[in-house]
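Trainee: This structure is in structure tokens; I'll ask about it shortly.
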Amino acid sequence: SAFVLVPGITNLPPALVPDGPELSVLSGEQLLIDLRQHVVVSDGRPMGLTEAGKVTAVRGTGAAVDHQTVSFVSELGYAGPAAISFEVGDGPQDDPTTQTAMLSLPITVLPLPEEERKKEREDEPELNNAPTARGASLSVEVGTTESLDLAPYGSDPDGDDLTFALVETSGELD
């Protein structure tokens with residue numbers, strides 16, 4: 001005979017909702033995020049931010065709006081991946097049974113349409129946002145030649161044409 005221990009679901013710390021809604025926002029615009037759509041806590045427990053000062057952002061500014069809502073605004077002219085982090089709890093801070101977790105939500109910052117970018121920065125030089133690339137791999141047998149088109153693996157938020165160059169190698173290339 002054997003015993004199988006199945007952990008209870010009534011005593012789990014807050015966590016992100018699996019397959020929660022994706023977040024995206026135009027560069028420089030405010031995104032309001034209702035944490036109830038993104039965070040799950042044990043049944044019957046209330047979810048909320050623990051402290052407004054524990055809301056932070058990558059590639060932008062994050063702030064607490066209320067106990068269950070945060071806001072995000074990207075850096076000026078930025079387009080690409082970003083994130084907002086916050087600490088949530090499943091009860092009052094003075095309750096010893098309250099569990100907390102530091103969570104992060106990914107955000108996609110979209111470039112402004114060309115006409116909007118021109119209006120916002122008439123006196124500023126045009127910004128060039130960094131391209132992004134997805135990983136690619138290629139296996140080659142000894143003594144054979146292969147090629148890989150990198151174009152499908154890269155994109156530029158400004159719509160600029162991309163060029164590719166070999167910068168570093170490990171091993172011998174012809």
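The values are calculated or read from the model by the stated rules, or taken from the named source; none is laboratory data. Note that this is a predicted model, so its numbers are computed, not measured. No Cβ is skipped: glycine too gets one built from the backbone with ideal geometry, and neighbour counts run over all protein chains shown. All accessible areas refer to the heavy atoms of the entire protein, side chains included, with ligands and DNA or RNA removed. Shrake-Rupley method; radii C 1.70, N 1.55, O 1.52, S 1.80 Å.
Trainee: Inside region 78-103, can you point out the residues that are over 17 Å from the mean Cα position of the chain (by Cα) and more than 20 Å from Leu16 (Cβ to Cβ)?
Mentor: Scanning region 78-103 gives Pro92, Gln93, Asp94, Asp95, Pro96, Thr97.
Trainee: A follow-up question, please. Looking at region 89-101, I want the residues that are more than 18 Å from Val55 (Cα to Cα) and have a partner that is in a strand (DSSP E or B) and at pLDDT 90 or above with Cβ atoms under 6 Å, at least 6 apart or on another chain. Which pairs are those?
Mentor: Listed pairs, sorted by first residue: Thr98/Gly89.
Trainee: Quick one: which residue in Gly28, Gly60 is modelled with pLDDT of 95 or more and farther than 22 Å from Gly89 by Cβ?
Mentor: Among Gly28, Gly60, only Gly60 is modelled with pLDDT of 95 or more and farther than 22 Å from Gly89 by Cβ.
Trainee: Considering only residues that are within 17 Å of the chain's Cα centre (by Cα) and either surrounded by 18 or more Cβ atoms within 10 Å (Cβ to Cβ) or touching a residue at least 60 places away in the same chain (Cβ under 8 Å) (or both), look in region 44-70 and name the one that is farthest from Leu31 (Cα to Cα).
Mentor: Val55
Trainee: Six or more apart or on different chains, Cβ atoms under 9 Å: show the pairs whose first residue is in region 20-32 and touching a residue at least 40 places away in the same chain (Cβ under 8 Å) and within 22 Å of Leu103 (Cα to Cα) and whose second is hydroxyl-bearing (Ser, Thr, Tyr) and open to solvent by 30 Å² or more (accessible area, probe 1.4 Å).
Mentor: Glu22/Thr108; Leu23/Thr108; Ser24/Thr108; Val25/Thr108; Leu31/Ser24
Trainee: In region 1-22, how many are in contact with a His (Cβ under 8 Å, 6 or more places away or on another chain) and either modelled with pLDDT under 85 or surrounded by 12 or more Cβ atoms within 10 Å (Cβ to Cβ) (or both)?
Mentor: First pass over region 1-22, keeping only residues in contact with a His (Cβ under 8 Å, 6 or more places away or on another chain): 16-17, 20-21.
Filter once more, keeping what is either modelled with pLDDT under 85 or surrounded by 12 or more Cβ atoms within 10 Å (Cβ to Cβ) (or both): 16-17, 20.
The qualifying residues number 3.
Trainee: Only one of Ala79, Ala133, Ala83 is of a type in the set (A, V, I, L, M), open to solvent by less than 70 Å² (accessible area, probe 1.4 Å) and at pLDDT below 95; which? Write out each step before concluding.
Mentor: Details: Ala133 fails: open to solvent by less than 70 Å² (accessible area, probe 1.4 Å); Ala83 fails: at pLDDT below 95.
Residue meeting the stated conditions: Ala79.
Trainee: Now a separate question. Condition first: open to solvent by 50 Å² or more (accessible area, probe 1.4 Å) and at pLDDT 95 or above. Now tell me which residues in region 86-104 satisfy that. Explain how you work it out, then say what you get.
Mentor: So the first thing to find is which residues in region 86-104 are open to solvent by 50 Å² or more (accessible area, probe 1.4 Å), and the list is 92-94, 96-97, 100, 102, 104.
Scanning region 86-104 gives Met102, Ser104.
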